[in-house]
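Visitor: Below are the structure tokens for one structure; questions will follow.
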2 protein chains.
Amino acid sequence: MTSTLPAATASASNAAAPDSPHHDLATTTADGMSSAPASVPLPLPQATVADGFWAPRIEVVRTRTIPFQRAQLERVGHLRALAGTPRPEDGVPHVFWDSDVAKWIEAASYSLATHPDPVLEADVEEVVALLAAAQQPDGYLNTHFTNVAPEQRFTDLRDAHELYCAGHLIEAGVAHHRATGKTTLLDVVVRLADHIGAVFGRGPGQLRGYDGHEEVELALVKLAAATGDRRHLELASYFVEERGQEPFFFDLEADRRGTTGWFGDHFAGENHPGRTRQYWQAHAPVREQHEAVGHSVRAMYLYSAMADLARDTDDASLLEACRRLWDHLLSARTYVTGGIGSTVINEGFTRDHDLPTETAYAETCAGIGLMMWAQRMLGIDRHRRYGDAMELALHNAVLAGLSADGEHFFYDNVLASRGGIERHEWFHVACCPPNIARLLTSLTSYAYAQGQDELVIHLALGGTARFETSGGWAGVRITTDAPWGGRTAVRIEEAGTAPFTLSLRIPGWTAGARLSLNGEPLDDGLVGADGYLSVTRTWQVDDELAVELDVRVRRLWADPRVTTEAGHVAVTRGPFVYAAEEADNPAPLVDLRLGRRSEPDLVEVPGLPGVISLQLRGERVVREGSGLYSDQPPHRIPADLTLVPYYAWANRGAGEMRVWLGDAER
Amino acid sequence: MTSTLPAATASASNAAAPDSPHHDLATTTADGMSSAPASVPLPLPQATVADGFWAPRIEVVRTRTIPFQRAQLERVGHLRALAGTPRPEDGVPHVFWDSDVAKWIEAASYSLATHPDPVLEADVEEVVALLAAAQQPDGYLNTHFTNVAPEQRFTDLRDAHELYCAGHLIEAGVAHHRATGKTTLLDVVVRLADHIGAVFGRGPGQLRGYDGHEEVELALVKLAAATGDRRHLELASYFVEERGQEPFFFDLEADRRGTTGWFGDHFAGENHPGRTRQYWQAHAPVREQHEAVGHSVRAMYLYSAMADLARDTDDASLLEACRRLWDHLLSARTYVTGGIGSTVINEGFTRDHDLPTETAYAETCAGIGLMMWAQRMLGIDRHRRYGDAMELALHNAVLAGLSADGEHFFYDNVLASRGGIERHEWFHVACCPPNIARLLTSLTSYAYAQGQDELVIHLALGGTARFETSGGWAGVRITTDAPWGGRTAVRIEEAGTAPFTLSLRIPGWTAGARLSLNGEPLDDGLVGADGYLSVTRTWQVDDELAVELDVRVRRLWADPRVTTEAGHVAVTRGPFVYAAEEADNPAPLVDLRLGRRSEPDLVEVPGLPGVISLQLRGERVVREGSGLYSDQPPHRIPADLTLVPYYAWANRGAGEMRVWLGDAER
């Protein structure tokens, strides 16, 4: 398809196949390596964000969250701890404090990549210098073990997060190098990776192990891409393949050590879900894993590395394992918000269809991990299912983790609160705040990908994107009223000399899509089976590809095996899941009932500028009788319901909140 | 009111005040010591049980449960452990194994009180001899501490259950003496009580402490009644009054000991609900306690002792504390089954209106504890609220703990199961099986009480009851079709020479009651504000007082603050709460909906002889669409529902079960 367009097509198309519910994000087919065109995330300097929704948020992260988190690292003693034994008056940081520091460097570097800032850069450099000074002559770098327990180096891979920290340092080193061109941290992490490669492996004298918390694997893939050194990729592959092999490494190291692990007292016993091999995704070799299990952040980081390796080693069976795990996760263990992890007990998965709301874990980091995995799957197995899930998690499970002011965070994200739940400034284990900062400062790398003569738009952010084609550089300006509206226009600002393809995800949630090119309707046959509109032609400056999605309120019902949501309905509009909050609706919210037909009024929420609420006609159950149990049946009276996007909850006090509302017709 | 009866009264009365829902078991008024006539439980030899429901059950306990439990004590090594260090091949019993043995002796003694059985008596005597031999010269008796850790005697009152065991031994000693007339065990426990009285108290050199698990308090009250020795009562009073005083005894003993407690590793940290002062009801002096908190069995045993002491010391403020705690428990923390305790985490209470069903704890022992407390409150503050709660717990929360075969037990009692839950033969901590055995073998002491020239019938069991009046012995024969039907007749078999009163509880659940004397209708004004029908006259042999209750299916709705039951309805009939089971209704039960009007057919359940099920017209929700979340609304189709009494569940496989069903009209 180049410049010859059909003369006339239906202007309102069914491109989004409304018969297939948008949350059916799981179904895939097994067909070896994908035939989808491959793509990689667009480098950060090639894109800008200029829209009404994300740009202000990223600005908040840049101007408030990043400096605020730097101050937090100072406050809790992390920076002092890099240079020596933590002082008792700082409190003892958790054993993996290096990773908090590394993620802050990574977030700051992403910010610097698009917003040069000498003060921030100097701040970063100061921390980098602390890390460089802490590196040991053999390349080892972990300031807990160097400063507190040098004799315990690499003796407790299961619990001590040593390679997890290394992974985050490596990610930070790559990000820092890409943003600033400097090698001050990259050199450090290359030496660290080389040291790890010398210590770990299947050779004589090497430690045949892997980390309890995956992270180093995906970091080493990034390092290989940055350095061109294939040994880092092979080390990543070793760690992924070794996981789940017999004999069980964590038992072997425990026998050598002669003590229980680092968190020996943290769990209640050997049968605790935080003590099973599933917890570490080490119950089977990765190609034999069939279900998403265990600690959910660990799972996402592992699966992301598996997808990376499937891509870089062209490994069909690894891709197949990823697809199988994706299918399982999305069909049985994902909250309607895109959050994952059903319980605090193992910070992870429980059993199929167990998705309790008041006790949901849905850790912010796990939502980010799902986005990371989806981003990688989109590069090798492009399909709307991954893009829709990434969009869902971003707008709901992840964005809820950050307050409007950029300085308060949710670690876990419940889907219902009886009140009393608020975001916090920091956490003893502070993985989530810097994780959301690094996500938002690198958001364009999730939104855009470049392939062979192709720009793929997974998420319509307003702004610009440039990419290289065989005919030279090309560039587009995207204008959109997303996420509240459905109109997105992609205008060519720089065309190059050769044909190229613009591909744009048509989300599963739309009730239809009007497609047009330079104002002329496009046939909806241009939306492929993968859910992407793809137009290939020799583009001219000012050509405009436009999509108008049908953004309507949708009601969702859960699989009846999700027993906690039986008789309940969730409301979505566009990418947003909505929730009732006590700030707008008198408690108890459990007494609200939502009918199946009413259409909403859209109203800006008082106290939440720019946030669109839904006002719907519903009912309220009114009890009769008294006492704990009464034989007088309750009745219902009409009631107006105001729903706000889930991400915006808990910015106006700590009242009740509920995503799932009583279905008036059950 | 003697022999002069009103000439004519309405034959169908509203004696049960249907406007006040039967589950409103909480409301009391504060008026110092009660003006209700006092009464005490009828001694076991003065009653027999001969009906279609309880008699066979008690017979199962006598002929199967008691011998079976004796064999279990043998199997798990408890009896060998009385005589020496437990052998590793027996497994190490929990530290309070003496209490399991004691409760078995108590249950066997209650059985012997009404069913002499030389073989069982010899069996008991053999165990008593082991205990007597284990008693130390100073009177101390605890075979764990004597055989395993003699140097730790009375060093860990908080966790080691030392006085708890003593309490159960004392109860056993009193029961054994009353049943057999022997003093072989009574002498032992008197020496034990004297030893405890020497060790504990506020005098010089005494240990000013109390046990982490209440039990010795109520046992000492029983001992005082059996021996007439008021020192035992004073010791009970000391233990009750000392609880919750400052400085906090469990901290003091921990400092002295220099180690964490016996269960130091059992709980996850100092903030664990099993580590708070509330857990032990030691957060405040008992008169300043306002809410039922902590471990629910411990709470019930404490409150029972408080009621005992209020009676025996005529203490109005202690009675007032009991009433306040009762009000709180019944108005905010009791399951619809009469079960108490919302979580396994502390085996106890959480917060008001937190009554989750799938994770309900509702320990069988706690239900028994509620009955024990209610029995005592009825003696000093007679009111239907206590009798109704006792009846509710007995027929549901407690009876569910025992299988139809008498050899399988529930420790905790969920109100909903997704399948996989079954009764067990025994438990490592085996408090519940012998507890239910001692309850059922002493059931008539809960059903009947004697006052001054009065017989009080709290529960209508079929059988006989004799009691002493100022005109000599009197006796009645009770015939009843309870618990399935509502007709109870009390016929005089022995009248004595003086007037006396027959009092009979009219339960709150009835929709009305026809009262009659010798076939002549009685005025419903004879039912007092306390909910008891009381008739005083000079009775003649063959006089018959009869009550016909209106037994209908009732639907109950929970206070909306019980969020887990919003939109749900529970079904009761007479004293029984009903449940849907997968054996009768296709899973998933969460899809069932019950309308508000349909009347049931009563049908004997296949596989459960004698059990009456309810067959009701309802609906089933059928989902449309596919995937974890679908935008296709579910619809409903007609469906027949079969409900069985809750106590009878899990006798036909381990399928799904639900007490609360979806309300078709929400």
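Visitor: Go through (1) touching a Lys or Arg at 6+ places or on another chain (Cβ under 6 Å); (2) at the interface with chain A (Cβ under 9 Å from one of its Cβ atoms) one by one and return the number of the condition B:Arg636 breaks.
Guide: (1)
Visitor: Which numbered condition in (1) buried (at least 21 other Cβ atoms within 10 Å of the Cβ); (2) free of Cβ contacts under 8 Å to residues at least 60 places away in the same chain is the only one that B:His408 fails?
Guide: Among (1) buried (at least 21 other Cβ atoms within 10 Å of the Cβ); (2) free of Cβ contacts under 8 Å to residues at least 60 places away in the same chain, B:His408 violates only (1).
Visitor: Now for a separate question. Please verify whether B:Glu454 is closer than 22 Å to B:Arg382 by Cα, assigned by TED's automatic domain parsing to the domain that holds B:Gly531 and modelled with pLDDT of 95 or more, treating the condition exactly as stated.
Guide: Against the criterion (closer than 22 Å to B:Arg382 by Cα, assigned by TED's automatic domain parsing to the domain that holds B:Gly531 and modelled with pLDDT of 95 or more), B:Glu454 qualifies.
Visitor: Filter the range A:496-540 down to residues that are outside any strand (DSSP E or B) and hydrophobic (A, V, I, L, M, F, W, C) and give me whichever is farthest from the chain's Cα centre (by Cα).
Guide: The qualifying residue farthest from the chain's Cα centre (by Cα) is A:Ala498.
Visitor: For residues that are small (Gly, Ala, Ser) and not in a strand (DSSP E or B), scanning just the range B:562-593, find the one that is farthest from B:Gly387 (Cα to Cα).
Guide: Taking the candidates together, the pick is B:Ala587.
Visitor: Can I ask one more? Restricting to the range A:516-532, and then to whatever is of a type outside the set (Asp, Glu) and touching a Ser or Thr at 6+ places or on another chain (Cβ under 7 Å), can you tell me which residue is nearest to A:Gln450 (Cα to Cα)?
Guide: A:Tyr532
Visitor: Tell me the residue from B:Ala558, B:Ala566, B:Ala570, B:Ala583 that is without any contact (Cβ under 8 Å) to a residue 24 or more places away in the chain and assigned by TED's automatic domain parsing to the domain that holds B:Tyr647, please.
Guide: Testing whether each residue is without any contact (Cβ under 8 Å) to a residue 24 or more places away in the chain and assigned by TED's automatic domain parsing to the domain that holds B:Tyr647 leaves just B:Ala566.
Visitor: Taking the options A:Ala166, A:Ala132, name whichever one is among the aliphatic types (A, V, I, L, M), surrounded by fewer than 17 Cβ atoms within 10 Å (Cβ to Cβ), within 30 Å of A:Thr444 (Cβ to Cβ) and modelled with pLDDT of 95 or more.
Guide: Answer to the check: A:Ala132.
Visitor: If you don't mind, another one. Scan the range A:226-263 residue by residue and report those that are touching a residue at least 60 places away in the same chain (Cβ under 8 Å), under 29 Å from A:Leu186 (Cα atoms) and among the small types (Gly, Ala, Ser).
Guide: Of everything in the range A:226-263, those that are touching a residue at least 60 places away in the same chain (Cβ under 8 Å), under 29 Å from A:Leu186 (Cα atoms) and among the small types (Gly, Ala, Ser) turn out to be A:Ala236, A:Ser237.
Visitor: Which is closer than 18 Å to B:Ala305 by Cβ and β-branched (Val, Ile, Thr), of B:Val216, B:Val188?
Guide: Within the list B:Val216, B:Val188, the selection yields B:Val216.
Visitor: Out of the range B:406-429, which residues are at pLDDT 95 or above and part of a loop (DSSP other than H, G, I, E, B)?
Guide: B:Asn413, B:Val414, B:Leu415
Visitor: Of the conditions (1) touching a Lys or Arg at 6+ places or on another chain (Cβ under 9 Å); (2) in contact (Cβ under 8 Å) with a residue 60 or more places away in the chain; (3) crowded, with 24+ Cβ neighbours inside 10 Å, B:Thr155 satisfies every one except a single condition; which number is it?
Guide: Failing condition for B:Thr155: (3).
Visitor: Please verify whether A:Glu151 is at pLDDT below 95 and not in a loop (DSSP other than H, G, I, E, B), treating the condition exactly as stated.
Guide: Taking the combined requirement at face value, the residue satisfies it.
Visitor: Of the residues in the range A:271-325, how many are outside any helix (DSSP H, G or I) and over 22 Å from the mean Cα position of the chain (by Cα)?
Guide: 10
Visitor: Can you tell me which residue in the range A:364-405 is farthest from B:Glu358 (Cα to Cα), limited to those that are in a loop (DSSP other than H, G, I, E, B) and modelled with pLDDT under 95?
Guide: Out of the qualifying residues, it is A:Asp405.
Visitor: Looking at the range A:528-548 only, could you name the residues that are within 20 Å of A:Val476 (Cα to Cα) and among the aliphatic types (A, V, I, L, M)?
Guide: Matches in the range A:528-548: A:Leu533, A:Val535, A:Val541, A:Leu545, A:Ala546, A:Val547.
Visitor: Does B:His353 satisfy the criteria of being in a helix (DSSP H, G or I) and within 13 Å of another protein chain (Cβ to nearest Cβ)?
Guide: In short, no.
Visitor: Also, I was wondering about something else. Give me the pairs: first residue in the range A:649-666 and on the phi > 0 side of the Ramachandran plot, second residue hydrophobic (A, V, I, L, M, F, W, C) and at pLDDT below 95, beta-carbon distance under 7 Å, and six or more apart or on different chains, which are they?
Guide: Listed pairs, sorted by first residue: A:Ala650/A:Ile421; A:Arg666/B:Val621.
Visitor: Sticking with this one: Restricted to the range B:599-630, and to residues that are exposed (fewer than 14 other Cβ atoms within 10 Å of the Cβ) and closer than 21 Å to B:Arg666 by Cβ, which residue is farthest from the other protein chains (Cβ to nearest Cβ)?
Guide: Filtering first and then ranking leaves B:Glu599.
Visitor: Can you tell me which residue among A:Val547, A:Val541, A:Val535, A:Val571 is within 14 Å of chain B (Cβ to nearest Cβ), of a type outside the set (D, E, K, R) and on the phi < 0 side of the Ramachandran plot?
Guide: A:Val571
Visitor: With the structure loaded, tell me whether B:Val240 is closer than 18 Å to B:Asn142 by Cα, modelled with pLDDT of 95 or more and β-branched (Val, Ile, Thr) or whether it fails that test.
Guide: So B:Val240 fails the test.
Visitor: Kindly provide the set of residues from the range A:159-200 that are in a loop (DSSP other than H, G, I, E, B) and under 17 Å from A:Ala219 (Cα atoms), ordered by number.
Guide: A:His161, A:Thr183, listed by residue number.
Visitor: Same structure, new question: Of all the residues that make up the range A:595-622, how many are without any contact (Cβ under 8 Å) to a residue 24 or more places away in the chain and more than 30 Å from A:Ala55 (Cβ to Cβ)?
Guide: Of the residues in the range A:595-622, 2 are without any contact (Cβ under 8 Å) to a residue 24 or more places away in the chain and more than 30 Å from A:Ala55 (Cβ to Cβ).
Visitor: Same structure, new question: Checking B:Phe576 against (1) crowded, with 23+ Cβ neighbours inside 10 Å; (2) within 10 Å of another protein chain (Cβ to nearest Cβ), which single condition isn't satisfied?
Guide: (2)
Visitor: Go through (1) buried (at least 20 other Cβ atoms within 10 Å of the Cβ); (2) among the hydrophobic types (A, V, I, L, M, F, W, C); (3) closer than 22 Å to B:Val569 by Cβ; (4) away from every other protein chain (no Cβ under 13 Å) for A:Trp649 and report which single condition fails.
Guide: Here A:Trp649 meets the rest and fails (3).
Visitor: Moving on. Go through the residues of the range B:335-345 one by one and say whether even a single one is surrounded by 18 or more Cβ atoms within 10 Å (Cβ to Cβ), away from chain A (no Cβ under 14 Å) and over 20 Å from the mean Cα position of the chain (by Cα).
Guide: No, the range B:335-345 has no match at all.
Visitor: What do you reckon, is A:Arg466 under 19 Å from A:Thr538 (Cβ atoms) and either surrounded by fewer than 18 Cβ atoms within 10 Å (Cβ to Cβ) or free of Cβ contacts under 8 Å to residues at least 60 places away in the same chain (or both)?
Guide: no
Visitor: Just the residues that are in a loop (DSSP other than H, G, I, E, B), of a type outside the set (A, V, I, L, M, F, W, C) and closer than 17 Å to B:Gly574 by Cβ, please, taken from the range B:449-495.
Guide: Selection gives B:His458, B:Gly462, B:Asp481, B:Pro483, B:Gly485, B:Gly486.
Visitor: If you don't mind, another one. Being assigned to a helix (DSSP H, G or I) and touching an Asp or Glu at 6+ places or on another chain (Cβ under 6 Å), is that true of even one residue in the range B:635-658?
Guide: Scanning the range B:635-658 turns up no residue that is assigned to a helix (DSSP H, G or I) and touching an Asp or Glu at 6+ places or on another chain (Cβ under 6 Å).
Visitor: Something else: Given (1) assigned to a helix (DSSP H, G or I); (2) in contact with a strand residue (DSSP E or B) (Cβ under 8 Å, 6 or more places away or on another chain); (3) not aromatic (Phe, Trp, Tyr), where does B:Ala219 come up short, assuming only one miss?
Guide: (2)
The values are calculated or read from the model by the stated rules, or taken from the named source; none is laboratory data. Just so it is clear, the structure is predicted and the values come from calculations on it, not from any experiment. Please note: Cβ atoms are built from the backbone with ideal geometry, for glycine as well, and neighbour counts cover all protein chains shown.
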